[in-house]
Amino acid sequence: MSKKNKKIFAMIPARIGSERLKYKNLAILKNKPLIYYAINSAKKSKIFDKIFLNSDNSLFKKISDKYNIQFYLRKKKYGSSNTKSDTVVNDFFSNHECDILVWVNPIAPLIQAHEISGAVKFFIQNNLNSLITVHKKFAHSLIGSKPINFKFNQVFAKTQDLKPITIMNYSIMMWKKESFIKSFSKNNHAILHGKKGFYEISDNSALIVKYAEDLELISKIMDSSKKNKSKLRYDKIVNDI
């Protein structure tokens, strides 16, 4: 499979309701609505044939018009907090002709254009059916009270010697239309189906906005990234070493 003969769409989902942070997609971050950053990175990636804002409320058409992308108004029943991502994707596939669909999460504002294009190229090169972005952590980790990358009855390992924990972050997801529809029809789910891929992105790009505090943190990260990195300095007692 190559990009040359495949139609690739981006879908940026934005429902009007939000239980934890009201209207979060429209919350202002550095003088722009939160959703702007996903749109901007998707456009800068230059990998898509079309970019859609997918919402259950026509209000978002003003956003799509403002930033010159497509708009898809999904049915209200697909906009509730109980609606699964699988259903939203299947609905979009049912109404659009494309070969690959890429979900660009609007609440991951630090995702970079090169990470989007890199993930799509990885997907194509490895002939995958589904993909989710991930980030890795070197940390002693548990499921409940059970260790998963260390043992209680051994010397406490250095973090750098641990097997890293891979965390799915959903900043980007993507699927082949044909295999997704087939899996959804058979199993009623398809987010992870067929030949699965996991594409690593930076910790910052994995940050998801769920609360107002997240917006504040990301705003500070954006501020710091614009400043020149200062030269590494040490306490003066290092001179005595």
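Read-outs throughout are calculated quantities, based only on the coordinates presented, and are distinct from any laboratory measurement. Computed from a predicted model, the values in this text were never measured in an experiment. Glycine also receives a Cβ, built like all others from the backbone with ideal geometry; neighbour counts cover every protein chain displayed.
Tabulated values for the structure
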quantity: Solvent-free Debye scattering, log10 I(q)/I(0), computed from the Cα coordinates of the range 86-241 at q = 0.13 Å⁻¹; calculated: -0.82
quantity: Space enclosed by the convex hull of the alpha-carbon atoms of the range 1-65, per residue, Å³; calculated: 110 Å³
quantity: Debye intensity ratio I(q)/I(0), log10, the range 1-156, q values 0.10, 0.14 Å⁻¹ (C-alpha model); calculated: -0.44, -0.77
quantity: Over the range 38-121, equivalent-ellipsoid semi-axes from the Cα gyration tensor in Å; calculated: 21, 15, 13
quantity: Percent antiparallel among DSSP beta bridges (both partners in the range 97-241, rounded to 5); calculated: 75 percent
quantity: For the range 148-194, average projected area of the Cα convex hull in nm²; calculated: 5.6 nm²
quantity: On Cα atoms only, tilt of 177-187 relative to the major axis of the chain in degrees; calculated: 90 degrees
quantity: Within-11-Å neighbourhood charge of GLY194 [Cβ basis; K, R +1; D, E -1]; calculated: +3
quantity: Along each principal axis, Cα extent of the range 101-170, largest first, Å; calculated: 46, 27, 22
